[in-house]
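Quick notes on the structure that follows.
The values are calculated or read from the model by the stated rules, or taken from the named source; none is laboratory data. From a predicted model like this one, the values you see are computed outputs, not experimental measurements. Cβ placement follows ideal geometry from the backbone for every residue including glycine, while neighbour counts extend to all protein chains displayed. These area figures cover heavy atoms from the full protein model, side chains too; ligands, DNA and RNA do not enter into them. Shrake-Rupley method; radii C 1.70, N 1.55, O 1.52, S 1.80 Å.
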Amino acid sequence: MPNTDLMFAVIGAALLIGSFLPRLLRERVLSAPIVVVGVGMLIGWLMPTESQLVDVIEHAELAERMAEITVIVALFGVGLALDRPLTLRGWTTTWRLLAIGMPLSIAGVAVLGWWVLELTPAVAVLLGAVLAPTDPVLASDVQVEGPSSGEEVDDEHDEARFALTSEAGLNDALAFPFVYLAIYLATKGDPGEWLLGWVAWDLVGKTVIGAVVGYLLGRLIGAAVYRVRVGDHRLVGFAEPAAAVATLLLAYGVGELLGGWGFLAVFCAALGVRASERDDERHEHFHEFVEYTEHLLTLLVLLVIGASFISDALPRLHWTHVAVAAGVLLVVRPIAAWVSLLGDRKLRRDERMVVSVFGVRGVGSLFYLCYAMGFFPKEDGWSLWPAVSLVIIASLVLHGASASQVMRALDRRRARAGS
């Protein structure tokens with residue numbers, strides 16, 4: 001019990017400190033996520049080995065729910081932050097990253113897992129899918145600032161930040177079909193009997209349903225909130241910021257009930273709300289509330305990741321896991337994204353390099369690994385967790401420490417180019 005009491009005390013202290021850190025450490029080498037993961041490691045070190053209180057594989061369902069809630073809140077915040085209307089031409093950089101870069105990245109990581117870790121094909125594909133989602137929320141300096149009102153659109157002239165933010169909003173959802181590809185490889189036998197169904201339903205059908213349902217729901221809610229009047233005032237004047245959380249939960253639930261990908265429904269619902277009334281200043285209030293909520297949830301999940309890494313992943317860590325983590329962050333993601341952006345006229349060469357390098361891994365990877373444990377043996381989860389947790393932590397340190405300096409340099413070069 002003393003260790004458990006100490007754990008609660010450390011968690012409380014970490015969250016309290018973490019609530020001040022983002023602004024204190026903004027644009028500094030040491031970021032709030034790095035500090036909180038470090039505190040999580042301290043918790044893992046203090047916990048007795050036999051307690052298993054922070055073993056995310058042993059408690060996969062609980063860790064899955066924590067990560068799931070965090071992801072859907074973050075997705076809605078990312079959707080609200082994007083000022084640019086959703087169009088085929090306006091989002092061409094994003095489509096390239098998703099349609100070309102993401103499959104290449106999954107395939108590259110799967111090959112690494114098969115070759116270096118000697119995983120079975122199904123588990124190797126799972127590793128690729130788990131490490132597919134990017135999460136720029138954990139490196140706030142590489143994402144767009146947030147909703148802006150008026151004629152000036154903040155993300156219109158910053159293609160690098162827009163690409164990283166919109167990519168994360170969509171690939172957090174689009175990793176799901178590839179997780180199911182791994183599940184089917186492990187459970188359904190001959191791919192010739194189910195591959196066409198996977199393409200038609202899991203890859204295309206559920207994606208279309210999630211996107212359409214979420215966007216329409218967001219447009220309907222946005223139209224009601226911003227256009228319906230009660231007396232002399234619009235309904236939005238009576239709405240509390242918590243209405244944003246209610247909207248994202250509704251979108252997630254309805255999207256899942258109708259057979260679509262719920263994560264995608266949440267992101268598209270936020271885009272729909274913005275499209276219904278793009279310039280209202282209330283978007284900024286809603287986004288701020290969602291951002292604070294997401295921030296608290298993310299800190300809690302990062303504590304769990306740090307603690308589980310020390311107590312459970314570190315004893316299993318092998319040089320092969322280090323090789324895979326280095327390959328994912330320094331080779332696979334940069335090359336896959338760079339190839340996908342070849343010929344993209346919206347990005348200068350330096351911007352293309354930044355987008356290629358800054359594929360931050362985070363909470364989404366934890367969610368997908370824990371979700372898959374409902375279909376795979378726990379032995380597979382324990383074999384993947386050292387590599388996955390090391391990629392997350394290394395990404396937080398590498399990208400979190402360099403993001404502000406790199407983006408400031410990019411802003412200076414953009415300003416010189418525009419003058």
* Ellipticity estimate at 222 nm from DSSP helix runs (n ≥ 4, -39,500 (n - 2.57)) divided over the chain, nearest 500 -> -22000 deg cm²/dmol
* Which value, in Å² and to the nearest 10, is the accessible area of Thr94 when all protein chains are kept and the probe is 1.4 Å? -> 0
* Structure fact -> With R₀ set to 25 angstrom, the calculated FRET efficiency between the beta-carbons of His285 and Leu249, to the nearest 0.05, is 0.85
* To do: Taking only protein heavy atoms into account and a 1.4 Å probe, give the accessible area per residue of the chain in Å².
  => 43
* Asked: What order do Arg65, Arg412, Arg333 take when sorted by accessible area (1.4 Å probe), most exposed first?
  -> Arg412, Arg65, Arg333
* **With DNA, RNA and ligands ignored, accessible area of Glu281 (1.4 Å probe; Å², nearest 10)** => 120
* **Dipole in debye (nearest 20) - region 336-398, about Cα centre, beta carbon charges: Lys, Arg +1; Asp, Glu -1** => 320
* Structure fact -> Here FRET efficiency (C-beta to C-beta, Trp115 to Leu330, R₀ 22 Å, nearest 0.05) is 0.85
* Radius ratio Rg over Rh of the chain, counting only Cα atoms, Kirkwood formula for Rh -> 0.96
* **Taking the C-alpha atoms of region 238-318, convex hull volume expressed per residue in Å³** => 139
* Structure fact -> The FRET efficiency for Arg412 and Arg349, from their Cβ-Cβ distance with R0 = 25 Å and rounded to 0.05, is 0.95
* To do: For Val360, enumerate residues with amide H under 5 Å from its amide H, sequence gap 5+ or separate chain, H modeled in the peptide plane.
  => Asp135
* Asked: Could you give the angle, 0 to 90 degrees to the nearest 10, between helix 378-418's Cα long axis and the longest principal axis of the Cα atoms of the chain?
  -> 40
* **Segment Trp201-Trp338, length gained on full extension (0.36 nm per residue, minus Cα span)** => 46.4 nm
* **Spin-label pair His59/Lys188, simplified geometry with 7 Å Cα→Cβ offset, distance in nm** => 3.4
* Structure fact -> Ala323 and Tyr292 label points (each 7 Å along its Cα→Cβ direction) are spaced in nm at 4.9
* To do: Give the angle, between 0 and 90 degrees and rounded to the nearest 10, that separates the Cα long axis of helix 262-276 from the longest principal axis of the Cα atoms of the chain.
  => 20
* Take Ser383, Ser389 and sort them by solvent-accessible surface of the protein heavy atoms, 1.4 Å probe, largest at the top. => Ser383, Ser389
* Return a whole-number percent for the relative contact order of the chain, with Cα pairs under 8 Å and 6 or more residues apart as the contact set. => 31
* To do: Quick one: angle between helix 282-308 and the longest Cα principal axis of the chain, in degrees between 0 and 90, rounded to 10, please.
  => 0
* Between beta-carbons, use under 15 Å as the cut-off and find the net charge around Ala63, counting Lys and Arg +1, Asp and Glu -1. => -4
* Structure fact -> The correct ranking of Phe8, Phe376 by accessible area at 1.4 Å, largest first, is Phe8, Phe376
* Local electrostatic count, Cys370, Cβ distance below 10 Å [Lys/Arg +1, Asp/Glu -1] -> -2
